[in-house]
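So the structure is just underneath, and the comments pick up after that.
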Amino acid sequence: IAPHRKTILPLIHTGDGNRKEREEALKRVYQARLHITGGIRAMLAGQGNLALQELKKGLRLNRNDAEAGYALTDLAFSWGEEHLAQGMPDEAIALYKSILELRPDLAEVYYLLGGAFAAKGWEQEAAQAYQQALRLNPNLAPTK
């Protein structure tokens, strides 16, 4: 990857009068990255609440951060599945819904939500969640 990397300085120093806007945008991206990295660290430390808070802060600053989507999916798998294993489907459902409010494009989280609904015996809700997962990702193998 290193040979293909390019400097970001031309984005800032273009002389077209938008330098301040670009600097502010880069600062937001940098701050978002700090929060998202903090969320990942918290998740790895088993601090699900803190992880979710940090990821939310990061996404507020940079809605398009790709790594945040991966981190939220990992959080759903780890922390949500832990809730289910402990017989706490309501907590898992709340977590999945909270994640989907942030990133409604995460097919895997809809799949997990379907499983949590099924654990409660809510067949219609489970079917809807599974259908949404398939709409977002037709290749999602576990739902086929």
Could you report the chain's accessible area per residue, 1.4 Å probe, as an integer in Å²? 63
Suppose R0 equals 30 Å; then what is the FRET efficiency for residue 103 and residue 19 from their Cβ-Cβ distance, rounded to the nearest 0.05? 0.45
Members of 56/120; 27/56; 97/120; 57/120; 27/97 lying beyond 21 Å, as alpha-carbon distances in this model show: 56/120; 57/120; 27/97
Please work out which option in [x] 0.98; [y] 1.27; [z] 1.10 gives Cα Rg over 2.2 N^0.38 Å calculated from these coordinates, and answer with its label. [y]
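The values are calculated or read from the model by the stated rules, or taken from the named source; none is laboratory data. These figures come from a predicted structure and were not determined experimentally. Counting neighbours? That spans all protein chains shown, and the Cβs are built from the backbone with ideal geometry, glycine included. In case anyone asks, the SASA skips ligands and DNA or RNA and just uses the protein heavy atoms, side chains included. Shrake-Rupley method; radii C 1.70, N 1.55, O 1.52, S 1.80 Å.
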